[in-house]
1. Net charge near A:Thr112: determine it from the other residues with C-beta under 15 Å of the C-beta of A:Thr112, scoring Lys and Arg +1 and Asp and Glu -1.
2. Of A:Gln6, A:Gln51, B:Gln110, which is farthest towards the positive pole of the protein assembly as shown's charge dipole, taken about the Cα centre with +1 and -1 on the beta-carbons of Lys, Arg and Asp, Glu respectively?
3. List A:Leu19, B:Leu109 from most exposed to least, where exposure is judged by having the fewest other Cβ atoms within 10 Å.
4. Order by neighbour count: B:Lys58, A:Lys65, fewest other Cβ atoms within 10 Å first, most last.
5. How large is the dipole of chain A about the Cα centre if only Lys and Arg carry +1 and Asp and Glu carry -1, each at its Cβ, rounded to the nearest 20 debye?
6. Which value, in Å to one decimal place, does the Kirkwood hydrodynamic radius take for region B:1-56 when every pair of different Cα atoms is included?
7. Please turn the phi angles of region A:26-37 into ³J(HN,Hα) values with the Karplus equation 6.51 cos²θ - 1.76 cosθ + 1.60 (θ = phi - 60°), one per residue in order, whole Hz, x for glycine and proline.
8. Across the protein assembly as shown, what fraction of all alpha-carbon pairs, as a whole percent, falls in each successive 10 Å bin from zero upward?
Amino acid sequence: SAVISQKPSRDICQRGTSLTIQCQVDSQVTMMFWYRQQPGQSLTLIATANQGSEATYESGFVIDKFPISRPNLTFSTLTVSNMSPEDSSIYLCSVGLREGNEAFFGQGTRLTVV
Amino acid sequence: GENVEQHPSTLSVQEGDSAVIKCTYSDSASNYFPWYKQELGKRPQLIIDIRSNVGEKKDQRIAVTLNKTAKHFSLHITETQPEDSAVYFCAASKDTGRRALTFGSGTRLQVQP
């Protein structure tokens, strides 16, 4: 498995501002993903963070709203830009190991936009 | 893209009974099917998974079955305990391409002592 550190664990933000969430892994991983989990809901993939290139976004998510960086094989950031109350969710970083499909999750960032 | 449907949305059982959660998937190219358990306020934890070259897999009280022809897979928990109470998610992915998981809608399992 992998040890995934995600921060901040929670934040309360003013609408119109931006928040950057960090995800640090204790080993090099091939795949890193960002998911959103709205209250009481399932997990929805936002994007795949690609090392050294632009992230791959899922339908309904755009780079201007959710810019992602992945400068190396152990670190990624997700920014939630120009926030509105509808962005209040848990944001989860997930990693896939070199072999197999197993995915492991960070502890999540609980974001509340007021 | 892939679509995963999960039933039931809630399930209440008595301690010691069995619980079964079912999922169907749409993409016949999917070949990896994990199950996650998420306790309140915590991250999803992988509890068991199965690949398409296997029909069943067991790990103590937990088992998963896969029917590739029908494109459905199920989680079976036997001898349920109160600590099994949580939300369970099924998911599906391929082992090529982006490999990201598509999740079902979740099942809230309540084990009554």
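1. Residues near A:Thr112 contribute +1 overall.
2. Of A:Gln6, A:Gln51, B:Gln110, it is A:Gln51.
3. Ordered from fewest to most neighbouring Cβ atoms within 10 Å, A:Leu19, B:Leu109 come out as A:Leu19, B:Leu109.
4. B:Lys58, A:Lys65
5. About 240 debye.
6. 13.5
7. For region A:26-37, the Karplus-derived couplings read 7, 8, 6, 10, 7, 10, 10, 10, 10, 10, 10, 10 Hz, x marking Gly and Pro.
8. In order of increasing distance, the bins hold 8, 33, 35, 20, 5, 0 percent.
Every number here is computed from the coordinates shown, using simple stated rules; none is lab data. All figures in this text were calculated on a predicted structure; none of them were measured in a lab. Neighbour counts run over all protein chains shown; Cβ positions are idealised from the backbone, glycine included.
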